[in-house]
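Please read the structure below before turning to the comments.
The values are calculated or read from the model by the stated rules, or taken from the named source; none is laboratory data. This one's a predicted model, so the numbers in the text were calculated from it and none came from an experiment. Here the Cβ positions follow ideal geometry from the backbone for every residue, glycine too, while neighbour counts run over all protein chains shown.
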């Protein structure tokens, strides 16, 4: 049984595994390469297994080293979370809240959802990061983000230790240039066959729901393209590149900002929005308050995915 691990040695191993070489890690640690190498050798001796092996001039993790790094990631990411959460004046410190925002989300909705944090009694510094949902979830998993707003629920196959809260749901409508409404020869929904369509990314639930709706209505349409970024899709619609879908809860904003009009509502097609938060040992009060506020209408308890 292994006891009394030297956590300095463990930290040196973690830094080398992240930096990819003893030389780079040594610079970050302000130690000589010889010192770092010797300390890792002590750790390997203590563990009874090699953590690294040489492949040519490269230093790579062994299978045991890869497993050890996963534990080190959890341990030191949690330590960073603790330091960040408890740093400063204990009675009056500002909480840092790092928010991931999926490219597909209307930014006006995100600003509405974040309003309770900005108006919180706590001092809060918000950092917002746009990106693809999988990339954002990867950062959430290693505590680089405190929450992620997304339009797709988490996939259970990735076994992420997160909570997925449904916070809003909206009906969907088709929008297009106002002059198109005057020249359409058929009523909605048949009129959507008279112009090209812009649709969300092929893998998105909304795209699949719309395609099912089109098939159910037996509408033969021409697809101009699939666009993941909702703002870019609306910009294309503004330029007259095609009819596009958007949530009805932002109907007035879409019509005003992109000089388009709603053509019609897509029956039985909805867009759900989610707040994804990690399972954390140390709770962030501002995040907890936001979750409570945004899920107050949802009586069903959220569970880990």
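Across region 228-245, the number of residues qualifying as in a strand (DSSP E or B) and closer than 15 Å to residue 178 by Cβ comes to 2.
Just wondering, is there one or more residues in region 268-283 that are assigned to a loop (DSSP other than H, G, I, E, B) and in contact with a strand residue (DSSP E or B) (Cβ under 8 Å, 6 or more places away or on another chain)? Break it down into steps so the answer makes sense when it comes.
Step one: filter region 268-283 for residues assigned to a loop (DSSP other than H, G, I, E, B), giving 279-283.
Checking the rest, the ones that are also in contact with a strand residue (DSSP E or B) (Cβ under 8 Å, 6 or more places away or on another chain) come to 279.
Yes: region 268-283 contains one or more residues that are assigned to a loop (DSSP other than H, G, I, E, B) and in contact with a strand residue (DSSP E or B) (Cβ under 8 Å, 6 or more places away or on another chain).
Counting only helices (runs of 4 or more DSSP H) that sit completely within region 1-81, those holding 2 or more residues that are out of contact with any helix residue (DSSP H, G or I) (no Cβ under 6 Å at 6 or more places or on another chain) and touching a residue at least 40 places away in the same chain (Cβ under 8 Å) correspond to 7-19, 33-47. Taken as a whole, the condition of being closer than 30 Å to residue 256 by Cα and either over 21 Å from the mean Cα position of the chain (by Cα) or at pLDDT below 85 (or both) does not apply to residue 72. Among the conditions (1) surrounded by 17 or more Cβ atoms within 10 Å (Cβ to Cβ); (2) not in a loop (DSSP other than H, G, I, E, B), residue 225 misses just one, which is (1).
Selection of region 23-53 for residues being loosely packed, with under 14 Cβ neighbours inside 10 Å and touching a strand residue (DSSP E or B) at 6+ places or on another chain (Cβ under 8 Å) yields only 53.
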